[in-house]
Amino acid sequence: MFILVFCKGSANTTERDTLIVGYTAAPPFILEQGADLSGINILLWDRVAKDLDLPYKLVRMQFPKMLDSLEAGAIDLSINPLTITSERSKKMEFTHSFYASNATIAIAEKSSLEKLVQFLKGFFNLNFLRGLLLLLTIILLFGFVGWLFERKANPEHFRSGWKGIWDGLWWSAVTLTTVGYGDKSPRTGFGKIAALVLMFTGLLFISGLTAGIASSLTVNQLNSNPDSFNEFKERKVGSVKKTGSMAFLRAQFFKDITGFQSVGEGLLALKKNRIEAFVYDEPILSHRIQTDSSLSALAILPIKFDVQFYAFGLAKDKVALEQQISQRILEIMETAEWRIVLNEYGLTEI
């Protein structure tokens with residue numbers, strides 16, 4: 001009886017000492033190539049586990065389920081780059097942060113045809129059409145007035161009949177736009193006064209019309225390629241469920257947020273235009289878009305916000321283990337080898 005109980009107790013102790021470590025793919029921190037794992041976090045954890053002589057078993061999980069399991073104590077540790085937040089700290093322990101990053105926004109780039117259509121729309125808004133109508137009215141009015149004053153005293157430039165009216169319209173358009181070909185010019189006093197009024201009217205009107213067109217095109221360009229964080233608050237955006245990015249979007253009062261199980265699922269929805277933008281950690285988004293040729297139509301905007309500190313997460317009862325791992329992480333981060341690893345994966349410390 002004693003031998004059986006002793007052997008059973010030893011087996012249970014061995015089982016408890018083997019850490020259950022959850023992970024999910026998060027390139028470049030955790031990369032999956034079939035059954036092989038690589039990436040910054042894999043290298044870091046292997047080094048820590050080896051130095052501290054920690055036996056462990058890796059378990060692949062979806063990100064939301066991994067967090068739930070960690071909070072419930074079903075797994076001992078997660079080696080994903082978890083963002084340290086006050087809400088998570090109530091439910092789990094965190095090691096010392098090993099990397100700092102920012103959140104950013106991915107969008108689907110418009111095709112050449114869509115960009116052309118967007119550009120042309122800038123010319124056919126209501127304000128532009130009103131300005132164009134006013135321009136034609138001025139040309140017609142001054143063209144007729146100029147012809148009326150000049151038709152008798154200046155028949156060489158302003159002929160009689162409909163041809164003369166056309167001469168007036170041509171002169172009015174050339175004068176208004178300040179082209180000044182010189183092929184037609186007024187000779188009478190009233191004709192010259194009309195020309196002066198038309199010249200000054202042209203300077204003011206044409207500059208205002210040009211500014212209006214430029215403003216319209218600029219607004220359309222901003223709407224199609226926004227570079228402001230607040231531009232997206234009224235749009236349909238997505239992020240990964242139960243992440244720091246998702247919590248940040250809710251805290252910033254984004255109105256239409258869709259949660260996804262993974263980054264790949266969210267980027268696929270963005271590619272298919274089911275959402276207008278995908279918000280997540282900048283290094284993970286950049287690596288995924290750069291290495292996946294099927295996502296070449298997506299782009300990262302030059303927007304950085306919500307600084308995030310990455311760490312390993314542990315179950316709440318693993319305080320002593322967390323302190324050991326944190327100490328070893330700090331020691332590894334102080335080595336030149338750690339900086340080399342970051343450079344290999346195209347990452348820089350901020």
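The values are calculated or read from the model by the stated rules, or taken from the named source; none is laboratory data. Note that the coordinates shown come from a computational prediction; the quantities given were computed from them, not determined experimentally. So basically every Cβ, Gly included, is an ideal-geometry build from the backbone, and we count neighbours across all protein chains shown. Keep in mind that these areas ignore ligands, DNA and RNA; they rest on the heavy atoms of the full protein, side chains included. Shrake-Rupley method; radii C 1.70, N 1.55, O 1.52, S 1.80 Å.
Among the residues of segment 49-58, are any assigned to a strand (DSSP E or B), open to solvent by less than 60 Å² (accessible area, probe 1.4 Å) and either among the small types (Gly, Ala, Ser) or free of Cβ contacts under 8 Å to residues at least 24 places away in the same chain (or both)? Checked segment 49-58: no residue is assigned to a strand (DSSP E or B), open to solvent by less than 60 Å² (accessible area, probe 1.4 Å) and either among the small types (Gly, Ala, Ser) or free of Cβ contacts under 8 Å to residues at least 24 places away in the same chain (or both).
Listed by first and then second residue, the pairs linking a residue in segment 25-40 that is in a loop (DSSP other than H, G, I, E, B) to a residue that is aromatic (Phe, Trp, Tyr), with Cβ atoms under 6 Å apart and 6 or more places separating them unless they lie on different chains, are Pro28/Tyr345; Gly39/Phe29. From Lys163, Lys152, Lys184, grab the single residue that is at pLDDT 85 or above and not in a loop (DSSP other than H, G, I, E, B). When all the criteria are applied, what remains is Lys163.
In segment 100-117, the residues that are modelled with pLDDT of 65 or more and part of a strand (DSSP E or B) form Cβ pairs under 7 Å with partners that are open to solvent by 90 Å² or more (accessible area, probe 1.4 Å) and of a type in the set (S, T, N, Q), at six or more places apart or across chains, as follows: Ala108/Asn273.
Here is the figure for segment 200-256: residues that are at pLDDT 75 or above, in contact with a helix residue (DSSP H, G or I) (Cβ under 6 Å, 6 or more places away or on another chain) and farther than 30 Å from Pro81 by Cβ total 1.
So which residues in segment 145-200 are of a type in the set (D, E, K, R), surrounded by fewer than 16 Cβ atoms within 10 Å (Cβ to Cβ) and closer than 23 Å to Leu134 by Cα, if there are any at all?
Here is the first cut: in segment 145-200, the residues of a type in the set (D, E, K, R) are 150-152, 156, 159, 163, 167, 183-184, 187, 192.
Then keep just the ones that are surrounded by fewer than 16 Cβ atoms within 10 Å (Cβ to Cβ); that gives 152, 156, 163, 183, 187, 192.
Answer for segment 145-200, where residues must be of a type in the set (D, E, K, R), surrounded by fewer than 16 Cβ atoms within 10 Å (Cβ to Cβ) and closer than 23 Å to Leu134 by Cα: just Lys192.
Select from segment 282-314 the residues that are over 23 Å from Tyr23 (Cβ atoms) and in a helix (DSSP H, G or I) and write down the one among them that is most open to solvent (accessible area, probe 1.4 Å). Only one residue tops the list, namely Ser293.
Among the residues of segment 30-48, those that are open to solvent by less than 20 Å² (accessible area, probe 1.4 Å) and not aromatic (Phe, Trp, Tyr) comprise Ile30, Gly39, Ile40, Asn41, Ile42, Leu44, Val48. Restricting attention to segment 1-29, and to residues there that are at pLDDT below 95 and of a type in the set (A, V, I, L, M), which single residue is least open to solvent (accessible area, probe 1.4 Å)? This residue is Ala26.
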